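Heads up, the thing below is written out as structure tokens.
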Amino acid sequence: MELRTEIEIHAPAAIVWRVLTDTAEYPKWNPLIAGISGDLNAGSQIEVAFYKGDGSHRLLRPVVQQVEPGRYLSWKGHLWIPGLYHGEHGFEIRPSPRGGIHFIHRAMFGGLLLPVLRHKLRAVTLPGFRAMNRMVKDRAETMAMA
């Protein structure tokens, strides 16, 4: 199952990348991810605390898959045991034909628990993606005007 959201951001890719990778600032503004610890380098395991929708967090320990500075970041992980529930989360920054950039935020989910979790992904996670996108846009555009 894929969740995919997109938003236009009127700021340079370098600024959007800075907002995305300055994970120490996430607790101040990010409505989806409470925090990330670890190095955002391909092959590194990180800890990601996602808001669950009820104010609590779910801590995941994915492995960074791909890092292309200013362009792409992704990580992949699973809950409990491989095959039960897994996902790959990615952020893509592309030049927009209208100026600025086109920000794509997506995730692919699978595993035995997917049928049970599908509704929650659509009801909670997808709106969380959209909320995070809006905040990335707001922060990047504010920084670009400074």
Checking A144 against (1) in a helix (DSSP H, G or I); (2) more than 21 Å from P31 (Cα to Cα); (3) free of Cβ contacts under 8 Å to residues at least 40 places away in the same chain, only one condition comes out false. Which one?
(3)
Give me the pairs, please: first residue somewhere in segment 10-27 and free of Cβ contacts under 8 Å to residues at least 40 places away in the same chain, second residue anywhere and loosely packed, with under 14 Cβ neighbours inside 10 Å and not basic (K, R), beta-carbon distance under 8 Å, and either six or more positions apart or on two chains.
T23/S37
Quick one: would you say P62 is surrounded by 15 or more Cβ atoms within 10 Å (Cβ to Cβ) and touching a Phe, Trp or Tyr at 6+ places or on another chain (Cβ under 7 Å)?
yes
Could you check F109 against (1) under 12 Å from the mean Cα position of the chain (by Cα); (2) within 19 Å of V48 (Cα to Cα) and say which number it fails?
(1)
Could you check how many residues of segment 30-41 are exposed (fewer than 14 other Cβ atoms within 10 Å of the Cβ) and in a loop (DSSP other than H, G, I, E, B)?
2
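The rows are residues; the columns are (1) out of contact with any strand residue (DSSP E or B) (no Cβ under 7 Å at 6 or more places or on another chain); (2) modelled with pLDDT of 95 or more; (3) not β-branched (V, I, T).
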site	(1), (2), (3)
L60	no, no, yes
Q65	no, yes, yes
R94	no, yes, yes
P97	yes, no, yes
A107	no, yes, yes
G111	no, no, yes
V124	yes, no, no
E141	no, yes, yes
Note: among T21, T5, just one is surrounded by 14 or more Cβ atoms within 10 Å (Cβ to Cβ), under 16 Å from P127 (Cβ atoms) and either among the aliphatic types (A, V, I, L, M) or within 16 Å of the chain's Cα centre (by Cα) (or both), namely T5
Test for R106: is it of a type outside the set (A, V, I, L, M, F, W, C) and either more than 19 Å from R130 (Cβ to Cβ) or part of a loop (DSSP other than H, G, I, E, B) (or both)
no
Please verify whether segment 79-93 includes one or more residues that are within 17 Å of E2 (Cα to Cα), in contact (Cβ under 8 Å) with a residue 60 or more places away in the chain and either in a strand (DSSP E or B) or not acidic (D, E) (or both).
yes
Flag for H105 being touching a Pro at 6+ places or on another chain (Cβ under 9 Å), surrounded by 13 or more Cβ atoms within 10 Å (Cβ to Cβ) and under 18 Å from E2 (Cβ atoms):
no
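The values are calculated or read from the model by the stated rules, or taken from the named source; none is laboratory data. Given the structure is predicted, the values throughout are model-derived calculations rather than measurements. Note: ideal-geometry Cβ built from the backbone for every residue, glycine included; neighbour counts use all protein chains shown.
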